[in-house]
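Each reported figure results from applying straightforward, stated rules to the coordinates on display, with no laboratory input. Fair warning: this is a prediction, and the values are worked out from it, not measured in the lab. Glycine gets a Cβ as well: all are built from the backbone with ideal geometry, and neighbour counts include every protein chain shown.
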Amino acid sequence: MKLNRRKLAIFTALTMVLLLGMLLAAFFYIDIGLANLAGGKERPVSVADFSEVPESVAEDATAMAMELYGDYHDKYDEFVNQLLTAYVEAKDRDFVVIFNPGGWGTKILESSPGWSEICQGIESELDELGYSSQVLSYRRTASSIRGVNKELVELFSVYPSKAKNLSSRVEFLTRNVPDLKIIVAGESNGTVISDTVMSMLQDNPQVYSIQTGTPFWHRQMTLERTLALDTNGQVPDAFSQGDIPAMLITSLKALFGMSLTEDEEAGRIFYFIRAPGHDYNWQYPDVNLKIADFLEENFSLDREISSR
């Protein structure tokens, strides 16, 4: 009995040391993310010639990079490059849509088929309203153990550094392109960082958000200028509603190779957890109609006024 207690104590101590090590590793690891043009590229499009960038904009980018990453030369240079590249792509646009993926945040837009179609739908709706737009994919997590470890710590602390990173990008663009409007979009876990960014920028009237499938443990902080969809109109979203039994049953069925319905198959979280209804696509009427209504309600009047 004493031997078993001793083994349990040793196991508990080793587990605590491991968890502490992971926490410290995440704390000291710096991941600035990649904000790249939608189009299947894993690296951000680099603009070799920034001659068309005004000096004041370049100075703003360097100041912001210095504030966030001044002690990390490689991160500083990369962040400046991403800011200036985003500026070049956004300066002649009316809208920029920045997509935050679900899961660990390692995916680009093209790896999220539902939202890839939703972004195309948003661009089409904005085009019908008379606006030009550009979609950026924000891959917030590096595809590594350290990156995923950092994401896990950030998720449960409501993304303190990653939300600051993204909100700084948004703030930089809206400050230097005065007429630009930005839609911070997110799916699943990506809605948490989107909502946090909206909370940070709640006084910036140029920033809006469209979110789908918010995790059940996250309470929405900002409702103004935000569309949050927690159902696709076909099947209740088990992940957003916290329907643990439905997720457990569906995940076990998948694990043991049992046949799944189309709705059960579509809803995936972290590769292995299944959540019926956690699937959002432009083809669903409740999705496209609500997004179209949100865009028209917020932006059709702006176009009428600006054309007078």
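A few comments on the model shown:
- Rg of the Cα atoms in the range 234-279, relative to 2.2 N^0.38 Å, amounts to 0.97.
- Charge sum, other residues only, whose C-beta stays under 14 Å from Glu187's C-beta, Lys/Arg counted +1 and Asp/Glu -1: -2
- Among the chymotrypsin sites (Phe, Trp or Tyr not before Pro) in the range 247-291, those located in a DSSP loop and surrounded by at most 14 other Cβ atoms within 10 Å of their own Cβ are Phe256, Phe270, Tyr271, Phe272.
- Size of charge dipole - the range 234-279 - debye, nearest 20, with Cβ of Lys, Arg +1 and Asp, Glu -1, no other charges: 200
- Footprinting exposure proxy for Met200, Met258, Met221 (fewest neighbouring C-beta atoms within 10 Å first): Met258, Met221, Met200
- Entry note, the range 234-279: relative contact order of 48 percent, from Cα contacts under 8 Å with a spacing of 6+ residues.
- Checking every one of the chymotrypsin sites (Phe, Trp or Tyr not before Pro) in the range 126-166 against DSSP loop status and a limit of 11 other Cβ atoms within 10 Å picks out Phe156.
- Applying a threshold of 18 Å to the alpha-carbon distances of Lys107/Lys150; Lys164/Lys290; Lys91/Lys181 flags Lys164/Lys290 as lying beyond it.
- Relative protection proxy for 146-153, 175-182, 190-197, from highest mean packing down: 190-197, 146-153, 175-182 (other beta-carbon atoms within 10 angstrom).
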